[in-house]
Amino acid sequence: MEKKQRVSLWYFILAFWALIILQEVYVASQHMDEVPYSQFKGWVQDGKVAEVSITETMIYGKLKEEKEKSLGFQAVRVDDPDLVRLLEEQHVEFAGVVISTLWKDVASWVVPILVFAGIWFWLLRKLGQGAGGGFMRIGKSKAKVYMEKDIPTRMKDVAGVDEATEELLEVVEFLRSPEKYTRIGGKIPKGVLLVGPPGTGKTLLARAIAGEAEVPFFSISGSEFVEMFVGVGAARVRDLFEQAQAKAPCIIFIDELDAIGKARGSGPMAHEEREQTLNQLLVEMDGFDPRVGVILLAATNRPETLDQALLRAGRFDRQILVDRPDRKGRAAILAIHAKAIKLAPGVELESIAAMTPGMVGADLANVVNEAALLAIRRGRETVQQEDFQEAVERVIAGLERKNRVLSHDERRRVAHHEVGHALIALSLPGSDPIHKISIIPRGVAALGYTLQLPEEDRYLYTRTELQNRIAVLLGGRAAEELVFGEASTGAADDLQKATSIAKRMVKDYGMSELLGTVALDQSAKPAFLPTADTYSAGTYSEQTAQEIDSEVRRLIDEQGQRVRTLLAALHPVLLSGAKKLLTAEVMTGEELKALLPPKEEESVLQ
């Protein structure tokens, strides 16, 4: 393809200065000796001047004996009425001329025009680049258009979201054979909204649908509709639907729909441009005929913020949840991503899937990539099981920071802290199994960590299980107090998590005997995006707020006393486990369990 030519304002600036330099060189080359007017007049009276050229301000001339050798002389003109008579008497050739220099012509006419045209052209290009490739195309849609042959993604490339895939296959079937649905009067949904946590594969699903249906695919982000110019968003919505109807059957995919679809009038300040864009989108969704074959797909992880008019029947008729995958789904996702790397014999992706509860497809892709990078770093030709295990720990806990050197006292405190967590987890029934205990610093602030990996995915928790979680979190601080007589700042994150669980037990789950089975936190919360869990002002009285604080503190204190009692009974195991951890830096849950005396181990396992 022919390479596009780009004109920059700097070209005009460089040309302007080049002309100035050329003018200076020209003037320097035409230099004449400057003489006083009196001397010039004396030369005329003596008959030494051969010829003279007179301008408005200067007099240029040549002497008779130097006429062929010299460039001549110049003198400043003086208002002298006798000069012409004197020149005629001495038979000096003279003429009145207007000097037209290169600089005068260029500077007064050509250069201003060129500079003005260059600046205007540059401004137009800059405005055009921020508005879709040209100033006159500012209202055109910025959607990326993929034709059917340009979409290699298929449903076989998607895993872990079987329910969503089944729902969307109906859309594929309609685009392939619409007469199957229209024959008996059925209508395909005008819009399909994909909702779910970030990284679950909503965009991948949309591309797979377009690839399976083999139809054009219009992809655009919600934020690309709204610009600084009023009315641009609405114009782009109109242009997008016009292009889509011209290429029907096709799919329009709007990612991050909440950027333009937020409820109108929400928030402290209204956004007129965004609301105009939303109004135009609502009109277009009502206006286009579903029989044409234009399907509107959209994705968001904040469905609670969308305008209700956008979600009503006839617009986004169907909402499909793209949730976090279960263990089977995670294994399938790992298998898809593992096709791109060389696996060693004996690698069990099922066990890796069991180690990654709560991870979404993007996290699992990162795990596979990290495992491959670790294998390369270790000089291996294939990726082994231990590479995957280390990659999971990197994603969960962060990178190892071996350069951070702790003092001996800090290492002892961290070791007892982590063994305290692990012993409480081993002592309480229903706790997640201990996979690994480490005092190697990881991540941003973790000086050590205790990695618990559940054996199965959990969706419900009882009151006892939540209390046990609080107890495990308090185990590290209690171990420090038992061994060293006081706690350290290392338990700050544990206290925040324990307080958050206790607060939700009281305010959300109705698990407080004092306050009863009442949901006290009625504020709207994001369905899929985690937020900072802080005490928010509720719709209850100040007395109720005091009772909530008292109940949260009581729950924490009860579990703290319970943990101290358990660790006091396991004090020798706590010391021996910490000593072994200080030597090895890493130990497994099975190794810690082996330190328990037979009677203690039997009671713990019960």
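Computed quantities for the displayed model
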read-out	value
Residue count, segment 439-453 (criterion: under 17 Å from Leu495 (Cβ atoms), in a loop (DSSP other than H, G, I, E, B) and modelled with pLDDT of 80 or more)	2
Search result, residues across segment 358-371 that are more than 21 Å from the chain's Cα centre (by Cα), modelled with pLDDT of 90 or more and more than 17 Å from Glu400 (Cα to Cα)	Val368
Residue match in segment 297-308 (condition: under 27 Å from Ala164 (Cβ atoms), among the acidic types (Asp, Glu) and not assigned by TED's automatic domain parsing to the domain that holds Gln243)	no
Arg469 vs. criteria modelled with pLDDT under 90 and either under 25 Å from Ala353 (Cα atoms) or outside the structural domain of Thr499 (by TED's automatic domain parsing) (or both)	no
Test: Leu281 is assigned by TED's automatic domain parsing to the domain that holds Met155, assigned to a helix (DSSP H, G or I), in contact with a strand residue (DSSP E or B) (Cβ under 9 Å, 6 or more places away or on another chain) and at pLDDT below 90	yes
Any hit, segment 426-435, residues being more than 17 Å from Val586 (Cα to Cα), part of a helix (DSSP H, G or I), assigned by TED's automatic domain parsing to the domain that holds Ile333 and out of contact with any strand residue (DSSP E or B) (no Cβ under 6 Å at 6 or more places or on another chain)	no
Only listed residue being out of contact with any Lys or Arg (no Cβ under 6 Å at 6 or more places or on another chain) and without any contact (Cβ under 8 Å) to a residue 40 or more places away in the chain, chosen from Ser407, Ser431, Ser427	Ser407
Subset of segment 559-569 [in contact (Cβ under 8 Å) with a residue 60 or more places away in the chain and over 15 Å from Asp494 (Cα atoms)]	Arg562, Arg564, Leu566, Leu567, Ala568
Residues being in a helix (DSSP H, G or I) and under 20 Å from Arg442 (Cα atoms) - total across segment 376-398	13
Selection count, segment 399-417, where residues are in contact with a helix residue (DSSP H, G or I) (Cβ under 9 Å, 6 or more places away or on another chain) and either in a loop (DSSP other than H, G, I, E, B) or among the hydrophobic types (A, V, I, L, M, F, W, C) (or both)	3
Unique match (being without any contact (Cβ under 8 Å) to a residue 24 or more places away in the chain and assigned by TED's automatic domain parsing to the domain that holds His571) among Ala478, Ala487, Ala491, Ala502	Ala487
Any hit, segment 2-15, residues being modelled with pLDDT under 80, surrounded by 14 or more Cβ atoms within 10 Å (Cβ to Cβ) and not in a helix (DSSP H, G or I)	no
Neighbours by Cβ (under 8 Å, 6+ apart or cross-chain): first from segment 237-266, assigned to a strand (DSSP E or B); second among the charged types (D, E, K, R) and surrounded by 24 or more Cβ atoms within 10 Å (Cβ to Cβ)	Asp255/Lys202
Unmet requirement for Val483, which otherwise passes all of (1) within 26 Å of Arg330 (Cα to Cα); (2) touching a His at 6+ places or on another chain (Cβ under 8 Å)	(1)
Checklist (1) in contact with a helix residue (DSSP H, G or I) (Cβ under 6 Å, 6 or more places away or on another chain); (2) touching a residue at least 40 places away in the same chain (Cβ under 8 Å) applied to Ala353, failing item	(2)
Search result, residues across segment 291-300 that are at pLDDT 90 or above and not in a strand (DSSP E or B)	none
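Residue by residue, here is whether (1) among the hydrophobic types (A, V, I, L, M, F, W, C); (2) assigned to a strand (DSSP E or B); (3) under 28 Å from Arg302 (Cβ atoms) holds:
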residue	(1), (2), (3)
Glu166	no, no, yes
Gly186	no, no, no
Thr203	no, no, yes
Ala235	yes, no, yes
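Okay, residues lined up against (1) part of a loop (DSSP other than H, G, I, E, B); (2) in contact with a Leu (Cβ under 7 Å, 6 or more places away or on another chain); (3) at pLDDT below 90; (4) not assigned by TED's automatic domain parsing to the domain that holds Ala354:
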| site | (1), (2), (3), (4) |
| --- | --- |
| Val419 | no, yes, no, yes |
| Ala422 | no, yes, no, yes |
| Glu455 | yes, no, yes, yes |
| Thr464 | no, no, no, yes |
| Leu482 | no, yes, no, yes |
| Lys497 | no, yes, no, yes |
| Leu514 | yes, no, yes, yes |
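The values are calculated or read from the model by the stated rules, or taken from the named source; none is laboratory data. Note that the structure is a prediction, hence the values are computed from the model and not measured. Neighbour counts are summed over all protein chains in view; Cβ atoms, including those assigned to glycine, are modelled from backbone coordinates with ideal geometry.
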